[in-house]
Amino acid sequence: MKAKSLHGNSAQEIQDGIQNATSDGFKPSLAIVFIAKTQDHGAHLKIFNDAGIPVFGVSTNGEYIDENTFTNSCAVMLFDLDPAYFRISFAEFEEGDYRGTSRNIAQKELEHFANPAFLISCSHSHTDAEAVLQGFSDVAGPDVNVFGNVAGDDCTFEGGFVFTNHIKSESALMVLTFDGDHIDMKGRATCGWHAVGTVRTVTKSEGNHVYTVDDIPVLDLTAKYGGLENVNPENEKLFFEIAATLPLQLQREKGDPVMRPGLVIDWNDRSYYCSGSVPQGSKVRFSVPPDFDVAEKVIKSAQDLKDTEIPNADAIVVFSCVGRFLAFGPMINMEIEGIKNVWDVPMVGMFSNAELGRATGGNLEMHNLTAVVIALKEK
């Protein structure tokens, strides 16, 4: 497998980049395309369609190639790979049947590959991504190799989209399946946020709607613990303070905790909706704002992935939460450059609304404030 990454602020720049990449005889058979909603999606897609290059496409909250980050642009990874070693699947979610949709795709892919590895993206933040992951587990077993994300939307939280060569949707599942007998795909999901304080109990919740923790309205407890001021609907910065600097960590019996930041406040009862499910009776802890150590943990996790599972890679794909981008500021470049330097091969990435993959030492999870690093290598 050969891979080349490129970036452009317009469709013309992407076309020029492809022409430059193929000038030495490189013949791409697959493109991973991360694109801002502000870009002319149709103009970009025409370039790949005219060239006959299959596309796995996702909208973003920001893009990067190698160690360079961008916004409102397009980042691309081109692969020169035997077409027999991968397949692209696309399915609209019907009536909210997220688990059934992923189950059907997994069943079809198992007819082609005995050992599939799935790279996936869901198009909207309202998607029940946990149900999507469960569908893959239903068919391919609990140890299924699957990593992915929920599409970004230029930080508007209005919903992103996924697309392939001839279809685009704001309510669909996009799947790039690799033949695991020929392509090695390994990944790590790492957050790095520090948990602080005592373990607390969620005393009332429904799905992702958390009402009380230790019988106290969750907003009141968060405000008290974090010393938040101006806790009222007029404070436009309150959302960021809760989501990016004081997220909940949901404790798991197996594996690392998963992040569950509060995203939408219900002022009627001072509850809030989190990024994923928080079962009633579960244990949570608060987190503190990130520092350099958080980025270092992600880099060390990538290094450990290289040392223990995939010492050589042909390409790296990274899904990083937009919350990291917002909370880190310029420090995010240190993290991305550090990941790039681990393998020092072409890398493409995007900032997403959620990240999907197996928690370290644990189960498949929908994550937030997390970086998912995926290494690919032809065997």
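What follows draws every value from the coordinates through simple rules; no lab data is involved. In this text, all values refer to a predicted model and were calculated from it rather than measured experimentally. For neighbour counting, all protein chains shown are included, and Cβ atoms are generated from backbone atoms with ideal geometry for every residue, glycine included.
Quick look at the values:
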quantity: Kirkwood Rh (inverse of mean 1/r, distinct Cα pairs), region 215-320, angstrom; calculated: 16.0 Å
quantity: Estimated inter-spin distance, Val196 and Met331, nm [label 7 Å along Cα→Cβ]; calculated: 1.2 nm
quantity: Packing-based exposure ordering (other Cβ within 10 Å, fewest first) of Tyr272, Tyr225, Tyr211; calculated: Tyr225, Tyr211, Tyr272
quantity: Debye log10 I(q)/I(0) for the chain, one point scatterer per Cα, at q = 0.07, 0.12 Å⁻¹; calculated: -0.29, -0.86
quantity: Chain lengthening between Glu94 and Glu253 when straightened (0.36 nm per residue, less Cα-Cα); calculated: 53.9 nm
quantity: Gain in span if fully extended, His126 to Phe26, counting 0.36 nm per residue against the direct Cα distance; calculated: 32.1 nm
quantity: Projected area averaged over orientations for region 151-263, convex hull of C-alpha atoms, nm²; calculated: 10.8 nm²
quantity: C-alpha long axis of helix 98-110 to longest principal axis of the chain, angle in °; calculated: 30 degrees
quantity: Per-residue Cβ neighbour rank within 10 angstrom, fewest leading, Ile88, Ile18; calculated: Ile88, Ile18
quantity: With Cα atoms, 0 to 90° folded angle of helix 292-308 axis to the chain main axis; calculated: 50 degrees
quantity: Environment charge at Gln280 (Cβ cut-off 11 Å; Lys +1, Arg +1, Asp -1, Glu -1); calculated: 0
quantity: Rg/Rh ratio calculated on Cα atoms of region 314-379 (Kirkwood radius); calculated: 0.98
quantity: Of Lys4/Lys168; Lys224/Lys254; Lys37/Lys108; Lys2/Lys377; Lys204/Lys283, pairs whose Cα-Cα distance is over 20 Å; calculated: Lys4/Lys168; Lys224/Lys254; Lys37/Lys108
